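The structure appears below as structure tokens.
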């Protein structure tokens, strides 16, 4: 109640500011994409997440004058989205008749909704409880590929990037979230002995994956107001999927016998950030001719002390990239 009493919206020719008792926000006018209105608020939408959004309640003093002020300077994104939806229904390249285009748009929205929901579930599965492990990894490998197929099937009707003010459904979560989950999983679980070869293979997969994304998303890349966002999404999806897919396929599906080394533990330490990484410093073994840190699971870290020994399992890799894991 005190925040509501103290809160003020300040409009100038440079920015819109919110000054409250506990919160302060400011958006430069050139960073405002537009505004949206619902039954309780007018929402001022920035061009990117680098800037905060500001909402103005309909009970604010001078609310009608504020809406006129905004309408003189910025697009109404609700009207813009409605106009974009009408453009879709009038686009003869997307179907022979309006009912056919309406049906196709509804199908595309449903496909995007299902794949995006599966994306979040798959990423959570990979990151929090990847069991059975190979099945979870297969899901992480398959879902972005299925999303690319959907993008190509509904060419020009589904976008790879995401814009909340767009009438076009987006597959951004289905493309990026499982790729990111797969990338984090392999970074946590596997260590490579030849990163140069891994990056060469990852670059080849990223170019192929990114090329398909560029082709399927070319309609939106050609639009000046969405070009750079669309290109950025393609780049990050291709990079995450390229490396994650190569390392996952190389390590998870490697059926070759491993060479086992018994090595001494010299030290142990952790690295903390958003997640905690556990390290053991071990003596030389196989291709490692000097003591180096290796990552281990939390359980292995807790049960192992300096002076103990651990097993290093080295494998040649399904794609020829040698890798290893450490166990008790």
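For this structure, a couple of remarks:
- The structure shown yields Kirkwood radius over Cα pairs in Å, and of the options (1) 21.5; (2) 20.8; (3) 23.4 that calculated value carries the label (3).
- Sequence ranges 243-255, 59-71, 166-178, 103-115, ranked by mean other-Cβ count within 10 angstrom, highest first: 166-178, 243-255, 103-115, 59-71
- Relative contact order for the range 2-75, counting Cα pairs under 8 Å that sit 6 or more residues apart, in percent: 21 percent
- Rel. contact order, % - alpha carbon contacts under 8 angstrom, at least six apart, the chain: 12 percent
- Choice from 209, 11, 236 with maximal GNM fluctuation in the chain (Cα, 10 Å cutoff): 11
- For the chain, built as a Gaussian network whose Cα springs stay under 10 Å, the top-fluctuating residue of 258, 48, 315: 48
- Comparing 161, 308, 39 in a Gaussian network model of the chain where C-alpha atoms under 10 Å apart are linked, the largest mean-square fluctuation is found at 39.
- Our note on the geometry: Cα centres of the range 261-303 and the range 1-78, 51 Å apart.
- Put simply, when 137-150, 280-293 are sorted by average Cβ atoms within 10 angstrom per residue, most first, you get 137-150, 280-293.
- Gain in span if fully extended, residue 5 to residue 26, counting 0.36 nm per residue against the direct Cα distance: 5.7 nm
- Shape of the range 2-75, Cα gyration tensor, a/c cut at 1.5: oblate
Read-outs: derived from the displayed coordinates by stated rules, not from any lab. Keep in mind that what you see is a predicted model, and the values were worked out from it rather than measured. So basically every Cβ, Gly included, is an ideal-geometry build from the backbone, and we count neighbours across all protein chains shown.
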